[in-house]
1. Would you please classify the overall shape of the stretch 1-136 from the alpha carbon gyration tensor, given that a ≥ b ≥ c denote the square roots of the eigenvalues, rounded means a/c under 1.5, and beyond that prolate means a/b larger than b/c while oblate covers the rest?
2. Name the GluC sites (Glu not before Pro) in the stretch 49-157 that are in a loop by DSSP and that have at most 13 other C-beta atoms within 10 Å, would you?
3. When the helix-only estimate is applied to the chain (DSSP H runs of n ≥ 4, each -39,500 (n - 2.57), divided by the residue count), what is the mean residue ellipticity at 222 nm, nearest 500 deg cm²/dmol?
4. Can you give the FRET efficiency for VAL56 and PHE184, using 1/(1 + (r/R0)^6), R0 = 25 Å, r = Cβ-Cβ distance, to the nearest 0.05?
5. With r defined as the distance between the Cβ atoms of SER21 and ALA147 and R0 fixed at 22 Å, what FRET efficiency is calculated, to the nearest 0.05?
6. Between the stretch 30-81 and the stretch 167-194, what is the separation of their alpha carbon centroids in Å?
7. Give me the number: length gained by fully extending LYS209 to LYS28, i.e. 0.36 nm times residue separation minus the C-alpha to C-alpha distance, one decimal in nm.
8. Just name one of SER21, ALA199, SER53: the one whose Cα is farthest towards the positive end of the charge dipole of the chain (beta-carbon charges, Lys/Arg +1, Asp/Glu -1).
Amino acid sequence: MVDLDKLKEEQLKLAKKVILSDSVKNIKTIAGADQTYIGGKVISAIVVCDYKSLDVIEEKHAVVDAKIPYISGFLFYREGPAVIEAFNILEHKPDVLIVKGNGILHPRRIGMASQVGILLDMATIGIAKNLMLGHVREKTIYAEKEARGYELITREHAKPIYISPGNKISLKKSLEVIKNCMKFPHKLPEPLHLAHKYANDAREEVMKKP
């Protein structure tokens, strides 16, 4: 049984540690982290890219047992340990990590990207395909009267993506960074698009193992 009250309490404590100012003045490298599943295991794939050219510098993945089922608002406790493990084996640690999941656009202001950012003590940005909460006004997402993210349509006729700062980065900078990482015709920022592809490749690799 998952003690959700205990996890909520932990999240509320951690939410106070979130920093929404820009910790990295000159971004040189950026990474994307995406997860996929095989049985009861989570595969986290991280791809590190050069920020200007978006060329791949490094890719690593980790396979970790999923400790809890999927519960909305608690994604970190399912996927986070795999992200941390994959990050720890990187030789080239990125300046900013784009995480599939929300940052402060979360009922307790502490989505997956924020929790990862606090644990790794680094700048993170959350990207979600669905709007978890709040309302959109002129592309800005408001929750409890606070601007917490942006809606961005990255290509014609595509559904929007939702950007929110995770940790150690401002709302404005989060949007700027994601816009800089777009590569036509992909819907997701390039490091996350590459991480998604790599996660699927890693999954195939794991499935082939006896």
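Laboratory data are not the source of any read-out in this text; all were calculated from the coordinates shown. Remember, predicted model here, so these are calculated numbers, not experimental data. Here the Cβ is made from the backbone with ideal geometry for all residues, glycine too, and neighbour counts use every protein chain on show.
1. The shape class here is oblate.
2. Those that pass, being in a loop and sparsely packed, are GLU91, GLU138, GLU144, GLU156.
3. Values: 5 runs with 64 residues, N = 210.
Using -39500 (n - 2.57) per qualifying helix, the result is -9500 deg cm²/dmol.
4. Step by step, r from the Cβ atoms, then E = 0.90.
5. Here the calculated transfer efficiency is 0.90.
6. Between the Cα centres of the stretch 30-81 and the stretch 167-194 lies a distance of 16 Å.
7. Values: separation 181, 0.36 × 181 = 65.16 nm, distance 3.60 nm.
So the extension gain works out to 61.6 nm.
8. Ranked along the dipole, the leading option is SER21.
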